[in-house]
Every structure is written in C-alpha cells, then in structure tokens.
Amino acid sequence: MYYILLAFCYGFSLLPLWLLYFISDGLCFLVYNVIGYRRKVVIGNLKQAFPEKTDREIRVLAKKYYRNLTDMMVETIKLLTMSKRSLRKRFICDLSIFQKLYDEGRSCQLHLGHNFNWEWANMICSQGVQFPFLVVFMPITNKAVNRMFLHFREKLGTKLIPANDMRNGMAPWIGKQYLLALVADQNPGNPRRCYWYPFLNKMTAFYKGPEMSARRYNIPVVFGNIRKLKRGYYEATLTLAFEYPLNEPEGAITEAFVKYLENNIREQPEVWVWSHRRWKHEYKLEYDDPAYEGNN
C-alpha cells in the first residue's frame, strides 16, 4: 500500500503548480461543501476566537481556511519533485539567528504554531542550517500515510523525534548541538500537567515540555511565524525570544509564546489550523492551585 501511495504522489507531484492549485480548488469545494470535513469544528472554533464577527464573515473565513488546507495538501506532495531553487524562491526566511547560535556553540529550540505551510518550512530549515535539525512529530495512525510523511520530512536530512517517545528520541543528542523544532500549540493529553492561559477567548492548556527542556539546559528559544504572502509564496520570521531561559520565571516562556501566537493568528487567521479539536479540555479552578496533585 505504501509504495502504491508513494508512486501516485510522485506522479501527482510532477504536475505544474498552477495545475495543482486548480485541483486544490476542486478539492476545497469537495471537502467543504460536499464532505463537510470537520466543518462544525472549524465554524465553532472560529466563532469562539472571533465573537465579534458575523455569521457571514465566519463562513468567508472558513472557506479561506479550507482553500489553504487543500493548498497545503498539494504543496506538500509537490515537495517530492520540487527543486531546492524553486522552494527558496517561494519560501523566504532569514536563518541568520541560527547561524549565530551555532557559531557560539549553543543548541536552540524553535517554537511554532500550526501555520501553513510548515512542511515547506521544514525543508527550508533542514537545507539552510548547520545544526542537526530535529523535529518533534505526532505519528499518524495510518501506517502507510505515516511512512509517506516520514519520507517527505526526512528527504533532506531532518531527524524526526516522536512526540510520544521524546525521552528516547532525544537521548542520542544530549551533549551535542542541535536545533529542535516544536509545534508548541498542540493540545496536551493530560490537562492536569500543563500550563493554562487565555488564548483566543478561552482558557487553554499548553504543554509544559518545551519550556521545561529549554530551562533545564538553558537552550535559547526562538519563536517562528509563517505568513502567506500569496498563493504559493510564504515568508517566515524568526525572533530570538529568550537567549537564557534559566533567567526567566517558570511559565514566562510559554505565556510569551501564547501571546505571540495569538497576535499572529489574529493578523492572518486563515493560515492557522482550525480543524483540530484544540479545546478538548475544560479549565478547572483547581489547576491553578500549587498544591493540586496534577502540578507536581
């Protein structure tokens, strides 16, 4: 099954981007209007985040989101045959902050949100930095699809660390220089062992892990944001947010990232993933109690 899927995607990727975007338009209509893939989730999340918008404005924003979603699908497949030159032309990012940290002999953490197109960003970083480029990922249940995505992401040397086994995945890199990319807006599995902050008009849980590891090893933290300039063109900005995390009080790094991410989402909401069930957990007052067992 894997080889059939890979062969199909390879042939598909040979098509020019203008034709792939034409196909994406058809997929968008199918996914939104016919299948209705997670449409209630998307609409509900958008209403939660933007209560000031009318129903019509929410529907317009939802359609823009689905168009970006299907664009990412075809853009990701295009990576199989896309040249490095073409990718650099379409995805702009100044990586000099990583070179500076590498020259200083330090490792680095990159904190990102689910903004399109992170698969192109993965390729740009893996090609453009001297660090070993490590990416934490959540394995996909379907084995054939998961294997194909591993192929996409490891094509140019990215080292993948499974989110459900980070301790073993990171063990070979302890004491070495590396750049670790973390999509830091994932929904935690355990709402008792996380930080809670206001995010898009709702108290929201965020993993403690990214901040804890940065503070434990005093690893500089860079915040990254991806903007869509126009169809097929992106620009990523990188900000050295915390050069010495040990100097910061607990929770400060995560809180700063939450505010940073929300500001970026509000500026260009259609490029963030609204179809995931981000608010599965409801906030409880006891989570703020230092004596609460889940905080220990």
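The values are calculated or read from the model by the stated rules, or taken from the named source; none is laboratory data. Everything numeric in this text was worked out from a predicted model, so none of it was measured. Backbone-built Cβ (ideal geometry, glycine too); neighbour counts: all protein chains shown.
Checked against the criteria, LYS155 does not count as under 20 Å from THR237 (Cα atoms), out of contact with any Lys or Arg (no Cβ under 9 Å at 6 or more places or on another chain) and modelled with pLDDT under 95. Checked against (1) in contact with a Phe, Trp or Tyr (Cβ under 7 Å, 6 or more places away or on another chain); (2) surrounded by fewer than 21 Cβ atoms within 10 Å (Cβ to Cβ), PHE257 meets all criteria but (2).
Would you tally the residues in the stretch 220-247 being under 27 Å from ASP103 (Cα atoms), assigned to a loop (DSSP other than H, G, I, E, B) and either among the hydrophobic types (A, V, I, L, M, F, W, C) or in contact with a helix residue (DSSP H, G or I) (Cβ under 8 Å, 6 or more places away or on another chain) (or both)?
Looking only at that region, the number is 1.
Whether a residue is surrounded by fewer than 20 Cβ atoms within 10 Å (Cβ to Cβ), within 11 Å of TRP274 (Cα to Cα) and at pLDDT 95 or above was assessed, and VAL60 does not pass this test. For the stretch 174-190, the tally of residues that are surrounded by fewer than 17 Cβ atoms within 10 Å (Cβ to Cβ) and touching a Lys or Arg at 6+ places or on another chain (Cβ under 8 Å) stands at 2. Counted as qualifying within the stretch 46-156 are the helices (runs of 4 or more DSSP H) with 2 or more residues that are of a type in the set (A, V, I, L, M) and farther than 25 Å from ILE35 by Cβ, namely 96-103, 118-128. The set of residues in the stretch 253-266 that are out of contact with any strand residue (DSSP E or B) (no Cβ under 8 Å at 6 or more places or on another chain) and not basic (Lys, Arg) contains only ASN263. For the criterion of being over 22 Å from the mean Cα position of the chain (by Cα), modelled with pLDDT of 90 or more and under 20 Å from MET212 (Cβ atoms), TYR292 fails. Screening GLY175 on (1) touching a residue at least 60 places away in the same chain (Cβ under 8 Å); (2) at positive phi shows it passes everything except condition (1). Number of residues in the stretch 143-173 that are out of contact with any Ser or Thr (no Cβ under 6 Å at 6 or more places or on another chain), surrounded by 12 or more Cβ atoms within 10 Å (Cβ to Cβ) and under 22 Å from GLU75 (Cα atoms) equals 14.
Checking the stated criteria, THR237 turns out not to satisfy the condition of being β-branched (Val, Ile, Thr), within 16 Å of the chain's Cα centre (by Cα), under 23 Å from PHE50 (Cα atoms) and modelled with pLDDT of 95 or more. Among the residues of the stretch 248-277, those identified as of a type in the set (D, E, K, R), part of a loop (DSSP other than H, G, I, E, B) and within 22 Å of VAL221 (Cβ to Cβ) are GLU248, GLU250.
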